[in-house]
1. Take the residue pairs K162/K209; K66/K249; K34/K130 and return only those whose Cα atoms are more than 24 Å apart.
2. What are the trypsin sites (Lys or Arg not before Pro) within segment 177-238 that DSSP puts in a loop, where the Cβ has at most 10 other Cβ atoms within 10 Å?
3. Give me the net charge of E188's neighbourhood, meaning all other residues with Cβ under 10 Å from the Cβ of E188; Lys, Arg count +1, Asp, Glu -1.
4. If you consider only alpha-carbon coordinates, what radius of gyration and Dmax does segment 132-234 have, in Å?
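Nothing in this text is a laboratory measurement; each read-out follows from the coordinates by a stated rule. Only a predicted model underlies this, so the values are computations on that prediction, with no experimental measurement involved. Cβ atoms come from the backbone with ideal geometry, glycine included; neighbour counts cover every protein chain shown.
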Amino acid sequence: MLQPLVPAAPAAALPPHADAPPAEPHLRFERIEKTYAGGVRALRGVSFEVRRGSVFGVIGRSGAGKSTLLRAINMLERPSAGTVRIDGIDVGALPEAELLRLRRRIGMIFQHFNLLAAKTVRDNVGLPLKVAGVGAAELRRRVDALLELVGLADKAEVYPAKLSGGQKQRVGIARALVHEPEILLCDEATSALDPETTHAILGLLQDIKAKLGLTVVLITHDMAVIRAVCDEVLVLDGGDIVEQGPVWKVFGDPRAAATRALLSPLRHGLPEDIAVRLQPEPPPRGGRAVLALRFTGQSHADGVSLPALLALAPEARLLQGNIDRIQGHAQGDLIVAVPVAAMRSAVDARLSPDSFKVLGYVADDV
Ligand SMILES: Nc1ncnc2c1ncn2[C@@H]1O[C@H](COP(=O)(O)OP(=O)(O)OP(=O)(O)O)[C@@H](O)[C@H]1O
């Protein structure tokens, strides 16, 4: 069990989260605008809420405004207009001393770890506590507890140059937790890591989130990271929110063009050998229709129900499948080839129009 890391702040400006009304979101953006010097409108009236204890992902193309949004949470980037609230409190209106105290309750980890090369792992993690005036024995106890938590107890006296990327990020995570934050901001935290290490770091983040009851806001270009750990996802495009919701819903049925473009690496296209033979119209006789059956993770009525699939099955050939399970919902596509005549009856009788798409026709067998 992790010991409390900082002494209780005298007359805390913000209520501890146990006192917050349950209905109040942990974090709320109200019409946040950010226009940089030079006139770039990075955020255009952005409003959203983040539930306490959730993992909230922010995605968007390069330049969409993700970093600006993340840095507005702790006022590293002050919005030009609008209000950021944490536990209902207007962060931008806090006097400087209280803002500093608030920042300690918001940990941050970065893509490039930002470790001090001339300091050991122990000193890198302990530095913020030293700056805060915590005594040597207490500091050591807290740092040891954190190194234990991130699985680096045996690396305390090692310098960063001797660490792997994943170990460096573990140090970054330990350092972000020294002030026992309630919110953890992750700025492309796994982007410099290979997939296996990414997986390990995501596991660690989930573990820590559960143990410490953190709310996590993360930005990433890696859709697999969002799929693996986020509860909700927000899609930014040109400084506007174009889509937002539970990950299973947004990924299962992306509506905005920007979301579809971001998700395309996750979606398999038509197999090449079929694509080159595809025709827009059915052949005069025989032939097969190539269908993409969509599983949106919603109810049977919205997606492809099993009976409908079975109705196709006796005649259908399965060409390719890409079904994932996200947050307990099946979503993805099955690509099947069905004799044109059989397809008509099955489609007319069983499939809702939203649940499939005719990609084209092939003349001969597949
Ligand atoms: N300090 C700054 N001064 C002027 N313009 C800026 C500044 N920081 C960001 N911008 C501009 O604001 C817009 C949003 O930038 P931001 O870094 O928030 O986007 P992003 O979605 O995080 O991009 P990336 O994925 O490339 O990191 C971009 O057009 C960017 O060029």
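1. Working: K162/K209 27 Å; K66/K249 21 Å; K34/K130 34 Å.
With Cα atoms farther than 24 Å apart: K162/K209; K34/K130.
2. Values: sites: K209, K211, R227; in loops: none.
Counting only loop positions with at most 10 other Cβ atoms within 10 Å, none of the trypsin sites (Lys or Arg not before Pro) in segment 177-238 qualifies.
3. On the way: positive: K66; negative: D187, D222.
Its environment carries a net charge of -1.
4. Final numbers for Rg and Dmax: 14.1, 43 Å.
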